[in-house]
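The values are calculated or read from the model by the stated rules, or taken from the named source; none is laboratory data. What you are looking at is a predicted structure, and each value in this text was computed from that prediction instead of being measured. Quick reminder, even Gly has a Cβ in these numbers, built from the backbone with ideal geometry, and neighbours come from all protein chains shown.
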């Protein structure tokens with residue numbers, strides 16, 4: 001019975017696609033610091049669909065070309081605007097965790113006093129995986145603001161108090 005259950009799970013392997021981001025403002029540096037978390041396997045498939053030949057990302061964490069490509073592709077699916085300004089994010093690096101998740105570390109250019117509204121587009125991987133759902137949590141002091149992004153709703157506005 002256990003084998004049958006395992007086989008049926010194995011044939012479905014992956015019926016959900018989720019991405020997460022956590023962002024907060026660093027007042028000392030006046031930057032937005034963000035971590036985007038995606039399935040490493042899905043992201044490698046996404047890169048391949050875009051013509052990039054990066055595989056086994058866990059071995060490329062120090063590769064400057066890999067970092068640049070990952071930054072380009074994550075930024076293509078993640079955008080933040082505040083006070084009428086689009087923030088540009090640089091990739092500080094990435095890692096592949098033991099659970100198969102890719103964490104990409106981003107930092108924006110300087111922005112003084114973000115808000116009162118953050119306009120966010122987070123459609124990363126949605127053009128390849130139609131079931132992709134993404135969620136962003138913005139941390140401000142002791143408050144958490146959350147936005148959910150779906151293929152039918154790729155943008156959201158977070159109003160800061």
Margin query: Which residue is farthest from the chain's Cα centre (by Cα), if the candidates are limited to the range 98-126 and must be closer than 26 Å to residue 17 by Cβ, touching a residue at least 40 places away in the same chain (Cβ under 8 Å) and part of a loop (DSSP other than H, G, I, E, B)?
Written below: 100
Note to self: Being within 26 Å of residue 95 (Cα to Cα), touching a residue at least 40 places away in the same chain (Cβ under 8 Å) and assigned to a strand (DSSP E or B) is the filter here; which residues of the range 127-161 pass it?
What the structure shows: 132, 133, 134, 135, 136, 137, 138, 139, 140
Next item on the list: Could you check residue 94 against (1) in a strand (DSSP E or B); (2) closer than 16 Å to residue 20 by Cβ; (3) out of contact with any helix residue (DSSP H, G or I) (no Cβ under 7 Å at 6 or more places or on another chain) and say which number it fails?
Entry: (3)
Checklist line | Residue pairs meeting the criteria (Cβ under 7 Å; at least 6 apart or on separate chains; first closer than 17 Å to residue 126 by Cα, in the range 47-60; second at pLDDT below 90) | finding: 47/54
Check: Taking into account only those residues within the range 126-161 that are modelled with pLDDT under 95 and under 21 Å from residue 83 (Cβ atoms), which is surrounded by the most Cβ atoms within 10 Å (Cβ to Cβ)?
Finding: 140
Margin query: What's the total number of residues in the range 79-91 that are buried (at least 17 other Cβ atoms within 10 Å of the Cβ) and touching a helix residue (DSSP H, G or I) at 6+ places or on another chain (Cβ under 9 Å)?
Written below: 2
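Name every residue in the range 65-91 that is under 30 Å from residue 112 (Cβ atoms) and out of contact with any strand residue (DSSP E or B) (no Cβ under 8 Å at 6 or more places or on another chain), in order of residue number.
Of all residues in the range 65-91, those under 30 Å from residue 112 (Cβ atoms) come to 67-68, 70-91.
Listed by number, the residues that qualify are 72, 73, 76, 83, 84, 85.
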